[in-house]
Amino acid sequence: MSQILPPTACPSCQGTVEFVNDLLYCFNKMCPAQWGKKLEHFGKSLKIKGLGPATIGKLELDDYPELYELTVQDISNRLGSEKMASKLATEIEKSKSVDLQTLLPSFSIPLFGRSASQKLCEKISTLEEISEKSCTEAGIGPKATANLLTWLEEEFYPNEYDTNLPFSFSATKTVKRETIGTVCISGRLNSYPTKARAAEALEQHGFAVKNSLTKECTHLINESGIESAKTQTARDRGVIIITNILELIGE
């Protein structure tokens, strides 16, 4: 029986491969197979509809900025469809408005995902403010921090993404509204077609919405007029009974 030998080169880019924990890895950042997956992840993160594996293969891009240099005609020539080209061009244009917390995880930085990006962007306003100190203050782990800083030093700035990509690289600050009450919705509604729509309206006006009558509840919505067990429990607890959501939120 002949001995099976491990490959000495990456089948995609022919680059050198290395063993890490008994697994072979290609560390060539320009490896076509890896780049295709990175661009696919980039498209999904920025919600660019139509930028799937087949399309990526036809576009033949070598770097992120090239995606934003494409004209509708360029896309049409490569995809062979004016309709698909028009739709994809629109999606690419829409993606230019993403904020920093959405953009950073799209670059496939190891261990740095959406959660870490959100935490970091609560502490900073622009990409220039990223540092070991700001990452530590945001509660980002040392490995994720090191990966992010290495990516900035070895990929982001050398490739001039700050000038070659059409993003503002600014974080969107989430304004947390003060909760003025906690609401539970019981029974059928008259003011909204669904409980989901009602909950959305209540939250927009500063109310927290619970699925059950917890001890935190300050209001119970009962627009049906039926004296249910839940309504009686609410009365016993001194919870305010609301028969019209629109009156509660002032609409």
For this session: Evaluate segment 56-71: report whether one residue or more is under 21 Å from residue 166 (Cα atoms), under 14 Å from the mean Cα position of the chain (by Cα), surrounded by 13 or more Cβ atoms within 10 Å (Cβ to Cβ) and of a type in the set (D, E, K, R).
Result: no
For this session: Look at segment 55-84 and say how many of its residues are in a helix (DSSP H, G or I) and either under 18 Å from residue 44 (Cα atoms) or in contact with a Leu (Cβ under 6 Å, 6 or more places away or on another chain) (or both).
Result: 13
Exercise. Is it true that residue 230 is closer than 28 Å to residue 118 by Cβ and of a type in the set (Lys, Arg)?
Worked result: no
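Any residue at all in segment 92-99 that is within 30 Å of residue 71 (Cα to Cα), surrounded by 15 or more Cβ atoms within 10 Å (Cβ to Cβ) and in contact with a Cys (Cβ under 8 Å, 6 or more places away or on another chain)?
yes
Considering only residues that are assigned to a loop (DSSP other than H, G, I, E, B), out of contact with any Leu (no Cβ under 7 Å at 6 or more places or on another chain) and not charged (D, E, K, R), which ones fall in segment 28-50?
Filtering segment 28-50 down to residues assigned to a loop (DSSP other than H, G, I, E, B) leaves 28-31, 46-50.
From what is left, the residues that are out of contact with any Leu (no Cβ under 7 Å at 6 or more places or on another chain) are 28-31, 46-49.
Residues satisfying the conditions are 28, 30, 31, 46, 48.
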Exercise. Mind checking whether some residue in segment 160-168 is over 22 Å from residue 69 (Cβ atoms) and free of Cβ contacts under 8 Å to residues at least 60 places away in the same chain?
Worked result: no
For this session: Could you tell me whether any residue of segment 181-202 is charged (D, E, K, R), touching a strand residue (DSSP E or B) at 6+ places or on another chain (Cβ under 7 Å) and over 30 Å from residue 64 (Cα atoms)?
Result: yes
Exercise. Quick one: is residue 218 touching a Phe, Trp or Tyr at 6+ places or on another chain (Cβ under 9 Å) and not assigned by TED's automatic domain parsing to the domain that holds residue 121?
Worked result: yes
Exercise. Does residue 45 meet the test of being more than 26 Å from residue 155 (Cα to Cα) and at pLDDT 85 or above?
Worked result: no
Exercise. If you take the residues of segment 115-150 that are under 12 Å from the mean Cα position of the chain (by Cα) and free of Cβ contacts under 8 Å to residues at least 24 places away in the same chain, which of them is surrounded by the most Cβ atoms within 10 Å (Cβ to Cβ)?
Worked result: 117
Exercise. Which ones in segment 85-113 are part of a helix (DSSP H, G or I) and over 20 Å from residue 162 (Cα atoms)?
Worked result: 85, 86, 87, 88, 89, 90, 91
For this session: Working only within segment 182-204, note down all residues that are within 32 Å of the chain's Cα centre (by Cα) and either crowded, with 16+ Cβ neighbours inside 10 Å or outside the structural domain of residue 240 (by TED's automatic domain parsing) (or both).
Result: 182, 183, 184, 185, 192, 195, 198, 199, 201, 202
Exercise. Do you know which of the residues in segment 13-39 that are polar (S, T, N, Q) and at pLDDT below 85 is surrounded by the fewest Cβ atoms within 10 Å (Cβ to Cβ)?
Worked result: 21
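The values are calculated or read from the model by the stated rules, or taken from the named source; none is laboratory data. For clarity, every value in this text was computed on a predicted model and none was experimentally measured. Quick reminder, even Gly has a Cβ in these numbers, built from the backbone with ideal geometry, and neighbours come from all protein chains shown.
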